[in-house]
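Contents: one structure, followed by commentary.
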Amino acid sequence: TKRKVAVPGAGEHPLQYNYTFWYSRRTPGRPTSTQSYEQNIKQIGSFASVEQFWRFYSHMIRPDDLTGHSDFHLFKEGIKPMWEDDANKSGGKWIIRLRKGLASRCWENLILAILGEQFMVGEEICGAVVSVRFQEDIISIWNKTASDQATTARIRDTLRRVLNLPPNTIMEYKNTHRQH
Amino acid sequence: GTRIIYDRKFLLECRSSPLAR
């Protein structure tokens, strides 16, 4: 089934790209195969302007208020938040582990930087995920070409700046092939 | 081509627009 592509409304501020919000929650005791992952992930909606973004975001639960094993995903419209998608196949992601209580602020700063095109890496950004877990939370940003070191370095430096992370924060880059 | 760039401050200001509700 073909979905309608989001378009900016009259008087709204268009974004460089359209994006889609997704939500997933792990069902305890179930295997995490690709099929069940795809079944557990739900589209919240797509947007094409700053105002449309706020209409979704303002009604979403903040990551710090989520319980259990849940994730919010923000990906460019047309890219599924999974490694199997063509846009992600040769890609990788920066991962930042956060102590509890920081995820809401970091997630908001991260998505505002993505929507505002603060990363300056052309078409490279695919999307971002905030993963709420029991002990800590994880934020990640995915890009298309894991082997492009200039791009991954620029993403890392922009992340440090926009998230205002403590200097000792550990950032880890994982690439698709190593993981699967 | 031209890129549409917004800083954080501008994006946060748009939140209070009637179009954002």
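For this structure, a couple of remarks:
- Segment A:40-63 residues that are under 14 Å from A:V5 (Cα atoms) and in contact (Cβ under 8 Å) with a residue 24 or more places away in the chain, paired with ones that are among the basic types (K, R) and part of a loop (DSSP other than H, G, I, E, B) (beta carbon under 8 Å, 6 or more apart): A:S46/A:R3
- Candidate set: segment B:1-19, residues that are under 11 Å from A:W54 (Cα atoms), among the aliphatic types (A, V, I, L, M) and at the interface with chain A (Cβ under 7 Å from one of its Cβ atoms); chosen: the one surrounded by the most Cβ atoms within 10 Å (Cβ to Cβ): B:L11
Conditions (1) over 15 Å from the mean Cα position of the chain (by Cα); (2) at pLDDT below 80; (3) assigned to a loop (DSSP other than H, G, I, E, B), marked per residue:
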| position | (1), (2), (3) |
| --- | --- |
| A:K4 | yes, yes, yes |
| A:E12 | yes, no, yes |
| A:L15 | yes, no, no |
| A:K42 | no, no, no |
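- Here A:F56 meets the list (1) farther than 24 Å from A:E124 by Cα; (2) outside any loop (DSSP other than H, G, I, E, B); (3) at pLDDT below 95 almost entirely, failing just condition (3).
- Residues in segment B:1-10 that are in contact with a His (Cβ under 9 Å, 6 or more places away or on another chain) and not aromatic (F, W, Y): B:I4 alone.
- In segment A:40-65, of all residues being away from chain B (no Cβ under 11 Å) and among the polar types (S, T, N, Q), the one that is surrounded by the fewest Cβ atoms within 10 Å (Cβ to Cβ) corresponds to A:Q43.
- Extreme residue, surrounded by the most Cβ atoms within 10 Å (Cβ to Cβ), among residues of segment A:124-168 that are touching a Lys or Arg at 6+ places or on another chain (Cβ under 8 Å) and more than 21 Å from A:Y57 (Cα to Cα): A:N143
- Qualifying residue in segment A:18-39 (condition: away from chain B (no Cβ under 14 Å), surrounded by fewer than 16 Cβ atoms within 10 Å (Cβ to Cβ), modelled with pLDDT of 95 or more and touching a helix residue (DSSP H, G or I) at 6+ places or on another chain (Cβ under 8 Å)): no
The values are calculated or read from the model by the stated rules, or taken from the named source; none is laboratory data. Predicted model, so just to flag it, every value in this text is computed and none were measured. All Cβ positions, glycine included, derive from the backbone under ideal geometry; neighbour counts span all protein chains shown.
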